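Scroll down for the structure; my scribbles are underneath it.
No value in this document is a laboratory result; all are computed from the given coordinates. Owing to the predicted nature of the structure, the values given are computational and were not obtained by experimental measurement. Don't worry about glycine lacking a Cβ; one is built from the backbone with ideal geometry, like all the others, and counts go over all protein chains shown.
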C-alpha cells in the first residue's frame, strides 16, 4: 500500500515539475522580501530541492522524471533571449568589430583562466573537462563535456554557479570596476555568466540584455573550438 502511494505521489513527472516550480516560487518570494543579491531565486530553489530530496530520501532519478522536463525548456528559453538582440540591431551594426573582439577576448580569457586554475589545483582531467565550458550556456556546455569525456554533473554545477554569481553581483561588479557603458556591461555578463546572468541583465537595461544575448551565442561557438584545444594541452 505504502509502495503504491509512494509511486503515485513521487513516481510521476508532476512531482519533479511541481517541486521545481514551488521551490523557485519560494525563492522569488524570499528575494523580493529581502531585496538582497545573495538571495538569488535560482540558488534558493536549488537548495530547497536538494534539502527536500535529502530529507525525504527520494532519489534524484525519481525527481528527474519531471525535473528533466524543466531542463528541456532551457534551450528555447536561451533562444528567446534573441528578442532583445533583434531590437538592438542598429547598435550591433555600429559597434560590430569592437563587439566581436570583446567576445573573443572574453572567451579566450575564460578558457585560459580555467586551464591555469586546473593546473594549480591539479584537477583530474575528467574534472577539468567538465569545467572548461562553465562560462557558456548549459545546452552548449553539456555537448562540449560529452565530446571531451568530462563529468556532466561537474559541468552543471560550474555553469549554475558562474551564472548565479553573475546574476547576483552584476550591479556590484559594474560599480566596483566602473563599467558604465551598457554594451561593455552586457558583453561581460553574457560572456562570463551566460543565460542566467543575461536574464538579470535584461532587467537592468534592454541594451545590456541584448549584448548579453549576443555574447552567449558567439562565446558558445568560440568555446566549442577553444575547449578541445585547451583540453589537448591538459596533460
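Tilt of helix 41-56 relative to the longest C-alpha principal axis of the chain, in degrees (0 to 90, nearest 10)?
30 degrees
For the chain, find the longest principal axis of its Cα atoms and tell me its angle to the long axis of helix 182-204, 0 to 90°, nearest 10.
10 degrees
Calculated from DSSP H runs of 4 or more alone, at -39500 (n - 2.57) each and per residue, what is the 222 nm mean residue ellipticity of the chain, nearest 500?
Using -39500 (n - 2.57) per qualifying helix, the result is -27500 deg cm²/dmol.
Just rank 226, 79, fewest to most, by other beta-carbon atoms within 10 angstrom.
Placing the least packed residue first, the sequence is 79, 226.
Once you order the gyration tensor axes a ≥ b ≥ c over the Cα atoms, which shape class does segment 73-129 get: rounded for a/c under 1.5, otherwise prolate or oblate by comparing a/b with b/c?
Oblate, since a/c reaches 1.5 and b/c is not below a/b.
Please give the FRET efficiency for residue 235 paired with residue 147, using the beta carbon to beta carbon distance and R0 = 22 Å, rounded to the nearest 0.05.
Here the calculated transfer efficiency is 0.80.
So for the chain, averaging the separation of alpha carbon pairs under 8 Å that are six or more residues apart and normalising by length, what relative contact order in percent results?
Result for the chain is 20 percent.
With 10 angstrom as the radius, rank 90, 147 by how many other C-beta atoms surround their C-beta, starting from the fewest.
90, 147
Using only alpha carbon pairs under 8 Å that are at least six residues apart, calculate the relative contact order of segment 11-63 and give it in whole percent.
Relative contact order of segment 11-63: 42 percent.
Return the distance in nm (one decimal) between the two label points of a simple spin-label model at residue 32 and residue 65, each offset 7 Å from Cα along Cα→Cβ.
Each label point lies 7 Å from its Cα, and together they span 3.2 nm.
Before anything else, pin down the relative contact order of segment 136-192: Cα pairs under 8 Å, at least 6 apart, normalised by residue count, whole percent.
Value for segment 136-192: 33 percent.
So how far apart, in nm, are the two label points at residue 108 and residue 54 if each is 7 Å from Cα heading toward Cβ?
Spacing of the two 7 Å Cα→Cβ label points: 4.2 nm.
Quick check: pseudo-label points 7 Å beyond the Cα along Cα→Cβ at residue 83 and residue 120, how many nm apart are they?
4.1 nm
Give the distance, in whole Å, between the Cα centre of segment 190-235 and the Cα centre of segment 144-172.
One Cα centre to the other: 11 Å.
For segment 166-235, state the semi-axes of the equivalent ellipsoid (square roots of 5 times the eigenvalues of the alpha-carbon gyration tensor), sorted largest first and rounded to whole angstrom.
After diagonalising the Cα gyration tensor, the semi-axes are 25, 13, 10 Å.
Measure nothing fancy, just the Cα-based angle from helix 206-233's long axis to the longest principal axis of the chain, in degrees from 0 to 90, nearest 10.
Here the helix axis deviates by roughly 90 degrees.
If you take the C-alpha gyration tensor of segment 106-203, multiply each eigenvalue by 5 and take the square root, what semi-axes do you get, largest first, in whole Å?
The equivalent ellipsoid of segment 106-203 has semi-axes of 25, 14, 10 Å.
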